[in-house]
Amino acid sequence: MKELTEKGKLRLGLPKGSLEESTFKMFEKAGFKIRKTERSYFPSIDDKEIEPVMMRAQEIPRYVGQGVLDAGLTGKDWIIETNSKVVAVADLIYSKQNMRPVRWVLAVPTDSPIQSAKDLAGKRIATEVVNITRKYLKKNRVKADVEFSWGATEAKPPLLADAIVEVTETGSSLKANNLRIVEVIMESNTQLIANPTSWKDEWKRNKIGEIAMLLAGAIRAEEKVGLKMNVECRNLDRLLTNLPALKKPTISPLSDEGWVAVETIIEEKLVREIIPLLKKNGASGIIEYPLNKIIP
């Protein structure tokens, strides 16, 4: 691969694997259309200024730090694990299954006597984040054998390891493998990162900043919807007391005297409770619509 791209072109690393589907979804909501074939590592995008490259999230910090990529999306955990020198441009709180950070946890078999990191002295720990685990043990003044796990980490205790350090979103997979969480080592979320030299280039910095703004707007819109409705002025105050809003609802006069239109943004999970309540308080012509981006 070439090193830093020429002016007018931004080489962007996109995570392949567990974050791939959710990342593509966020880019689509942000306004970018990315297309890839099943085996291609070089997808197309409807922005001639961006050159996307697919690779494992674990590798992206290293290639951004080395200047092979101008910018990329990866986990905060992999930046720390690889000790890469990059610029953290934006925190983007989304993961494979939900809109919350993931956790790296210390887990052991449910019947294990291990109750804390202190009990790991002389034990064997399997994990994909060897450096993070060793730093954690050092912080707790514990000496243990940390081995790199190539996969199927949850299946290794108790035969191949006394404990594991594994990433989890809900903890359900750990429970399914008869493991219990002993301690949370760290939380991690997706970050947009940049190469320090690329970040000093005005054009590339502006381009990366635009991408960050649009992605952040798409994430803010997740799990939210817009609501529009009409209401008689005499019922407006009563309706507003029952109407949550991102900030304040937008109120506009209608051509029918004595009526106004009300528009707001709310959490999608509240809609089924709110709409009947709004109807009882005088709202009519209620429309619910999806959101792609919310830019402050």
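Annotations
- Neighbour-limited loop hits for chymotrypsin sites (Phe, Trp or Tyr not before Pro), segment 16-57 (at most 13 other Cβ within 10 Å; DSSP other than H, G, I, E, B): TYR41
- Counting lysine pairs in segment 102-187 whose alpha carbons fall under 17 angstrom apart, excluding pairs fewer than 8 residues apart on the same chain, gives 11.
- Label point at ILE93 placed 7 Å out along Cα→Cβ; residues across segment 208-229 whose backbone nitrogen lies under 11 Å: 220
- Extent along the principal axes, Cα only, for segment 34-96: 31, 27, 22 Å, with the longest axis given first.
- Label point distance in nm, LYS143-ASP256, each placed 7 Å from Cα along Cα→Cβ: 8.1 nm
- Extending 7 Å from Cα along the Cβ direction at TYR289 and again at ARG124 yields two label points whose distance is 6.0 nm.
- Residues whose amide H falls under 5 Å from that of ARG56, counting only those 5 or more places apart or on a different chain, are LYS16, with hydrogens built in the peptide plane.
- Long-range tail of P(r) for segment 176-294 (Cα pairs > 25 Å, %): 50 percent
- Taking only the Cα atoms of segment 224-290, the ratio Rg/Rh comes out at 0.93, with Rh defined as the Kirkwood radius.
- Segment 102-187 has equivalent-ellipsoid semi-axes of 17, 14, 12 Å, by the square roots of 5 times the alpha carbon gyration tensor eigenvalues, sorted largest first.
- Helix-derived mean residue ellipticity, 222 nm - over the chain, DSSP H n ≥ 4, -39500 (n - 2.57), to 500: -7500 deg cm²/dmol
- Computed E for ASP111/LYS135 - FRET, C-beta separation, R0 41 angstrom, nearest 0.05: 0.90
- Sequence ranges 118-131, 58-71, ranked by mean other-Cβ count within 10 angstrom, highest first: 58-71, 118-131
- Neighbour counts of other Cβ atoms within 10 Å put ARG35, ARG220 in the fewest-to-most order ARG35, ARG220.
A short reminder: the numbers here are calculations on the coordinates, not readings from a lab. In this text, all values refer to a predicted model and were calculated from it rather than measured experimentally. Glycine also receives a Cβ, built like all others from the backbone with ideal geometry; neighbour counts cover every protein chain displayed.
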